[in-house]
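Engineer: If you scroll down you'll find the structure; I have some questions about it.
The values are calculated or read from the model by the stated rules, or taken from the named source; none is laboratory data. Treat the numbers as computed from the prediction; the structure is a model and nothing was measured. Positions of Cβ are backbone-derived with ideal geometry, glycine not excepted, and every protein chain shown enters the neighbour counts.
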Amino acid sequence: MEQNKNSAEAQAIRPCAECENATILTVINEAAIAYKGVIPADRWHEPYMPLDELKAEIAAGVRFTGYSLDGLLIGVMGIQNVRNVRLIRHAYVLPNYQGRGIGSALISNLRSSSTSPMLIGTWTAATWAVVSRGVV
Ligand SMILES: CC(C)(COP(=O)(O)OP(=O)(O)OC[C@H]1O[C@@H](n2cnc3c(N)ncnc32)[C@H](O)[C@@H]1OP(=O)(O)O)[C@@H](O)C(=O)NCCC(=O)NCCS
């Protein structure tokens, strides 16, 4: 019983706060290493997303939802309302936690928050992010 209570408290999906920008960037940039040598070379740079770009995305209306485990942010997804659709602009899970259902949990959470259509884009070369049901 106590064990169940602890595990229920260990993970959370919640909106990211502005003070978490540095941690959001860590998740994005560590996960984006997957693109290195895969996406066109002239599109790759390190860090993949600098702080100024993250701030510009947030200023443009992208809102990040985070997945935390034991208080550690390990996954993020950014969503932006554009006209009558919602765009998933960024989807990243720390490499050590990928493939454990965290991306799926984040996207389910975002899907349940509104009924407006959701569009998800990624690099064509990121074949791992495109599965039979779409991206994650
Ligand atoms: C793409 C990403 C966000 C998915 O999050 P995740 O927590 O790893 O995904 P999940 O464990 O929920 O798995 C979701 C689906 O993706 C598949 N998947 C995840 N990682 C994979 C990989 N490396 N190779 C192949 N398939 C993979 C899973 O098999 C699963 O499909 P299924 O339900 O049909 O079995 C994460 O792997 C990531 O950050 N990747 C690097 C960055 C990236 O490609 N971002 C997406 C574009 S912005």
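Engineer: Tell me, which residue of region 83-104 that is in a loop (DSSP other than H, G, I, E, B) and within 8 Å of the ligand (Cβ to nearest atom) is surrounded by the most Cβ atoms within 10 Å (Cβ to Cβ)?
Structural biologist: Across region 83-104, the extreme among qualifying residues is L94.
Engineer: Of all residues in region 20-40 being without any contact (Cβ under 8 Å) to a residue 40 or more places away in the chain and among the hydrophobic types (A, V, I, L, M, F, W, C), which is nearest to the ligand (Cβ to nearest atom)?
Structural biologist: So the residue we want is L25.
Engineer: Further question: Inspect all residues belonging to region 64-73 and state whether any of them is outside any loop (DSSP other than H, G, I, E, B), more than 9 Å from the ligand (Cβ to nearest atom), β-branched (V, I, T) and more than 15 Å from the chain's Cα centre (by Cα).
Structural biologist: No, the conditions are met nowhere in region 64-73.
Engineer: Looking at (1) in contact with a Leu (Cβ under 7 Å, 6 or more places away or on another chain); (2) among the hydrophobic types (A, V, I, L, M, F, W, C); (3) at pLDDT below 95, which is the one condition that is false for L25?
Structural biologist: The failed condition is (3).
Engineer: Looking at region 118-133, which of the residues that are in contact with a strand residue (DSSP E or B) (Cβ under 8 Å, 6 or more places away or on another chain) and assigned to a loop (DSSP other than H, G, I, E, B) is farthest from the ligand (Cβ to nearest atom)?
Structural biologist: Ranking the qualifying residues of region 118-133, first place goes to G121.
Engineer: Related question: Could you look through region 12-24, keep only residues that are surrounded by 16 or more Cβ atoms within 10 Å (Cβ to Cβ) and either over 20 Å from M49 (Cα atoms) or not β-branched (V, I, T) (or both), and pick out the one that is farthest from the chain's Cα centre (by Cα)?
Structural biologist: Here the answer is E20.
Engineer: Of all residues being surrounded by 17 or more Cβ atoms within 10 Å (Cβ to Cβ) and without any contact (Cβ under 8 Å) to a residue 60 or more places away in the chain in region 105-117, which is nearest to the ligand (Cβ to nearest atom)? Just the residue, please.
Structural biologist: If we take residues in region 105-117 being surrounded by 17 or more Cβ atoms within 10 Å (Cβ to Cβ) and without any contact (Cβ under 8 Å) to a residue 60 or more places away in the chain, then I107 is nearest to the ligand (Cβ to nearest atom).
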